[in-house]
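Data first, discussion second: the structure below is written as structure tokens.
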Amino acid sequence: MSGMMGGSDAAYSIRPNHQNKFKPAIVKECIRDTIREQLSGLRYDSEAVPELSRTLADQIKDKVKNAGFDRYKLVVQVVIGEQRGQGVKMSSRCLWDADTDNYAEDVFMNDSLFCVAAVFGSYFY
């Protein structure tokens, strides 16, 4: 029995190495590229918002996954609203491991709509 487990223990790590650690600057770039590409020049349309926000969340998640943050669970949140000149405040709270887990966010605005997108990365031990 002990012979079966010997090799795999050495490869198991409970902390990501520096290369695979969730890097907010890289994730923010993924968010920014995606939302600007998809929303530039777009007019607010309440009928289209549910599908658009889901599509953006999926595209952001795929882009972040491809950035190489192995063993991270990702939560992507996208909020799209109509731009009416009012301020919007948002906040979030997380209980996580400050050594490994982090988040990134970005905001897009044009004269018709605003979009706030956030990605939370939680390391899977």
Take Ala67, project a point 7 Å from its Cα along the Cβ direction, then tell me which residues of region 14-40 have their backbone nitrogen under 19 Å from it.
-> 16-39
Sum up the charges of everything whose Cβ sits under 11 Å from the Cβ of Val78, counting Lys and Arg as +1 and Asp and Glu as -1, but leave Val78 out.
-> -1
With just the Cα atoms of the chain, tell me how far they stretch along each of the three principal axes, in Å, largest first.
-> 65, 23, 22
Cα-based convex hull, region 82-125, per residue volume (Å³, whole number) | 74
Tell me, in nm to one decimal, what length is gained between Glu47 and Arg15 on full extension, where the rule is 0.36 nm per residue of separation less the Cα-Cα distance?
-> 7.2 nm
Rounded tilt (10° steps) of 24-39 against the dominant C-alpha axis of the chain = 40
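Bear in mind that the values in this text are calculations on the coordinates, not laboratory data. Note that this is a predicted model, so its numbers are computed, not measured. In this analysis, Cβ positions are derived from the backbone assuming ideal geometry, glycine residues included, and neighbour counts consider all displayed protein chains.
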